[in-house]
Amino acid sequence: MGLRSFAAARLPAALSGLSGFRASEPAEPTVAEAASFDALVPRLNYLPKADVKRIREAYKFADEAHLGQMRNSGLPYITHPIAVAGICAEWRLDAQAIMAALLHDTIEDCGVTKAELIERFEAPTAELVDGLTKLDKLQFSTKEESQAESFRKMLLAMARDVRVILIKLADRLHNMRTMDAMQPVKQRRIARETLDIYAPIAHRLGLNQIYRELQELSFKFNYPWRHRAVEKAVAKARGNRRDLVSRIEQDVRKAFTEFEVPCEIQGREKTLYSIYKKMKDKHLSFAQVSDIFGFRIIVGDLPTCYLSLGVLHQLYKPQPGRFKDYIAIPKPNGYQSLHTTLVSPLGTPVEFQIRTEAMHMVAEKGVAAHWMYKTGPNAQSAQQLGANWLQSLIDIQDETRDANEFLEHVKIDLFPDAVYVFTPKSKIMALPKGATPVDFAYAIHSDVGDHTVAAQVNGEPVPLRTELHSGDVVEVITAPGARPNPAWLSFVRTGRARSKIRHFLKNLEQDESRGLGEKMLAQALRAEGLALPSLNDEDFEAAQLWQQLARWAGNRHVDELLVEVGMGRKIASIVAKKLARMLAEQGQRPDAVMLSMGRFATDDAPAQGSVTIDGSEGASVRLAPCCRPIPGDEVKGYLGRGEGLVVHTAECSVGKRLFQRDSEHWIAVNWAEELTRSFEAAISVMLHNGKGVLAQVASAVSAAEADITHISMGEEPQNGKDAEMNLLLSVRDRLHLADVLRTLNRSPAVRRAKRVKP
């Protein structure tokens, strides 16, 4: 396939055919032609006759399966699979992919089984069809969950075989081209989904032709009035600027002839959607969008690209800061070109793209270029397009079993822009715009990300939330004992980093909840006068007992039961009573000493015993934000359903209401003698309003050896002379807080400082 088929509009001829990136459409086929295999045959001339024969058999099978089915437009349904196969044939996909394109709706719409397809067309083709099949037969709680699950299945099949997504994109493209017959509501829904998911995937895999057309069609059906308005404005501008474009084309052609640089010059028009998006994002009128037209220079080899750049810069002055070398550093999807913006004779900016024929093929076809370039220097790079991203899908799936969460991670990764940073050993890494050193660490390896403690950018220490920029040299500092911080989730940009952090925290929460559950069950069982049976798998009798208890509780195994006890989903005292009955059946009797210890160790503690807190607890134990308990406060713990242990002060009004409503879920909590960290306390400070009061407050807090973690201003009183300030302070215990309050109350700027209570 020659380059001329890619040219959206040819020069010269004064851009008379310039209408976007798509080539002019052939004449509409008749219904009989569209439904006939003969319409597909000319496009299959690159395949051996034996393969064409197998594809014909797949066509016959699909034609019989869809017999009697019609599309919304009134055409026979078989016209759709033929059109999808035709798009795939333009990419020169192999016979298995063309067969799968013809058969892609047979499982979903015609009741054909995967086993039938394996028998008729062998396993590889059947696997492709299965990867394309939606999960309509499964029952989901919501439509969103169904869509997410279907999308996850398709992406995982795509990660195993990229042909799945190529066929799916061809399917979506034809559906978008023929969506006029649908209801407007359905048009908008499908257009939104295409713009959010399928167009970014096409872009991520370098399928720029498909990407632009999907965007354009989505724009047309999502915002029909805006689409028509921009279309009319572009048509008018095309007429007004015809002379300018023709003059630039003549100047460029003359310059390249003088320098004896053979090239092909193509006119390039910005798509309607990209014009609209630029107007919307930058708040511009149509007249202010200057780069509606541009030029593409296609040359014979790589050195000539840079020679051509010199020719253009000699012809017109380049705009500073508008040159990008995507040949030396390709985009993440494999795109390569030189981009430069020059000032035209009338003072308007004009963008030029310079690339080789092979680069042009990859720029337009992306991953599909692999099938078009079987040999030559471009084959290897084309084959690797998108490979890292596809592999990351499998990695994310391993840690994310929830379909909606998987879809969220993938959406994060479908970024249009990238920054290029360097490792200390000068390896280039592409990351999404807004990425941080934590994203960089996880891009290197999950172990590096998990143990990150600090980072340096260009030799200077920076916070881990620092946004990276192209050209930065990033170095990550790790420590063996470090682990991911939940706060990282608020600023990481890549789906890989987000899924790895969540996976680690989820496992950590499970481990901590299991330990807490075991401790609570042991204490509750002690109240029955019994010791907790061994949890060692090698103790056969104890293992059987635990397995019976887990089955009684509705859990698959004992670890799951202990996690649920620790998370508060099951009450420890009830599980302990059942375990005590099971032990009694085995002949074990309560021990009098243990019974008295368990029942009379605390005055009015529930039968579950007590838990000691030293500050090292993780996600399974939380300090209630309503009362913010600190060491020295009298505290009690509430085992919320699925929330783990939530610790309240004894005088907390929220906690008292919970106790009246649900007393069985409460457990005694004690502070450890040695604490591992500081705790947050909320205080309210009434100030004499004036200059420098904030500095005086900060100085007083610092003098008392405390830290301010958050500041907010309360409502200003009516007299206007006083102001209220709310602080979160990091303190050691209640005595330390009292010292801080005394220091604040002695400050001239402070009228009154007190602890906030719910």
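Any residue at all in region 469-477 that is touching a Pro at 6+ places or on another chain (Cβ under 8 Å) and loosely packed, with under 15 Cβ neighbours inside 10 Å?
If we filter region 469-477 for residues that are touching a Pro at 6+ places or on another chain (Cβ under 8 Å), which is where we start, we get 473-476.
When the remaining residues are screened for being loosely packed, with under 15 Cβ neighbours inside 10 Å, the result is 473.
Yes, there is a match, as at least one residue in region 469-477 is touching a Pro at 6+ places or on another chain (Cβ under 8 Å) and loosely packed, with under 15 Cβ neighbours inside 10 Å.
From Leu166, Leu207, which residue is in contact with a Lys or Arg (Cβ under 7 Å, 6 or more places away or on another chain) and of a type in the set (A, V, I, L, M, F, W, C)? So that I can check it myself, show each step before the final result.
On the way: Leu166 fails: in contact with a Lys or Arg (Cβ under 7 Å, 6 or more places away or on another chain).
When all the criteria are applied, what remains is Leu207.
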Task: Residues located in region 634-653, provided they are touching a strand residue (DSSP E or B) at 6+ places or on another chain (Cβ under 7 Å) and either modelled with pLDDT of 80 or more or assigned to a helix (DSSP H, G or I) (or both) - done: Glu634, Val635, Lys636, Gly637, Tyr638, Val646, Val647, His648, Thr649, Ala650
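Any idea which residue in region 256-277 is surrounded by the fewest Cβ atoms within 10 Å (Cβ to Cβ), counting only those that are assigned to a loop (DSSP other than H, G, I, E, B) and either without any contact (Cβ under 8 Å) to a residue 40 or more places away in the chain or more than 31 Å from the chain's Cα centre (by Cα) (or both)? Explain how you work it out, then say what you get.
Going residue by residue through region 256-277, those that are assigned to a loop (DSSP other than H, G, I, E, B) are 259-263, 270-271.
Narrowing further to those that are either without any contact (Cβ under 8 Å) to a residue 40 or more places away in the chain or more than 31 Å from the chain's Cα centre (by Cα) (or both): 259-263, 270.
On the way: Phe259: 14, Glu260: 6, Val261: 16, Pro262: 9, Cys263: 21, Lys270: 19.
Ranking the qualifying residues of region 256-277, first place goes to Glu260.
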TODO: Quick one: count up the residues across region 669-703 that are modelled with pLDDT under 80 and in contact with a strand residue (DSSP E or B) (Cβ under 7 Å, 6 or more places away or on another chain).
DONE: 1
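How about region 724-758: which of its residues are among the small types (Gly, Ala, Ser) and either closer than 13 Å to Val685 by Cβ or not in a helix (DSSP H, G or I) (or both)?
Kept after step one, since they are among the small types (Gly, Ala, Ser), are these residues of region 724-758: 730, 738, 747, 749, 753.
Ser730, Ser747, Ala749, Ala753 - these are the residues of region 724-758 that are among the small types (Gly, Ala, Ser) and either closer than 13 Å to Val685 by Cβ or not in a helix (DSSP H, G or I) (or both).
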Open item on the list: Looking at Ala235 and the list (1) at pLDDT below 80; (2) small (Gly, Ala, Ser); (3) surrounded by fewer than 17 Cβ atoms within 10 Å (Cβ to Cβ), which single condition is not satisfied?
Closed with: (1)
- [ ] Could you grab the pairs with beta carbons closer than 9 Å, sequence gap of 6+ or different chains, first residue in region 462-486 and closer than 11 Å to Phe440 by Cβ and modelled with pLDDT of 85 or more, second one surrounded by 14 or more Cβ atoms within 10 Å (Cβ to Cβ) and among the acidic types (Asp, Glu)?
- [x] Leu468/Asp439
- [ ] Give the residue, chosen from Glu149, Glu144, that is modelled with pLDDT under 80, surrounded by fewer than 17 Cβ atoms within 10 Å (Cβ to Cβ), in a helix (DSSP H, G or I) and under 25 Å from the mean Cα position of the chain (by Cα).
- [x] Glu144
Open item on the list: Show the residue pairs meeting these rules: Cβ distance below 6 Å; 6+ apart or different chains; first residue within region 321-348 and within 18 Å of Val289 (Cα to Cα); second residue in a loop (DSSP other than H, G, I, E, B).
Closed with: Thr340/Phe323; Thr341/Gln319; Thr341/Arg322; Leu342/Tyr316; Val343/Tyr316; Val343/Lys317; Thr348/Ser290
- [ ] Might you check whether a residue that is assigned to a loop (DSSP other than H, G, I, E, B) and either free of Cβ contacts under 8 Å to residues at least 12 places away in the same chain or not assigned by TED's automatic domain parsing to the domain that holds Ala522 (or both) occurs anywhere in region 556-574?
- [x] yes
Task: Check on Arg514, surrounded by 19 or more Cβ atoms within 10 Å (Cβ to Cβ), charged (D, E, K, R) and either over 30 Å from Gln456 (Cβ atoms) or within 29 Å of the chain's Cα centre (by Cα) (or both) - done: yes
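Quick check on Phe295: is it within 21 Å of Ser246 (Cα to Cα), in contact (Cβ under 8 Å) with a residue 12 or more places away in the chain, assigned to a helix (DSSP H, G or I) and not charged (D, E, K, R)? Please lay out each step first, then the result.
Numbers: within 21 Å of Ser246 (Cα to Cα): yes; in contact (Cβ under 8 Å) with a residue 12 or more places away in the chain: yes; assigned to a helix (DSSP H, G or I): no; not charged (D, E, K, R): yes.
Judged against the criteria, Phe295 is not a match.
The values are calculated or read from the model by the stated rules, or taken from the named source; none is laboratory data. Computed from a predicted model, the values in this text were never measured in an experiment. No Cβ is skipped: glycine too gets one built from the backbone with ideal geometry, and neighbour counts run over all protein chains shown.
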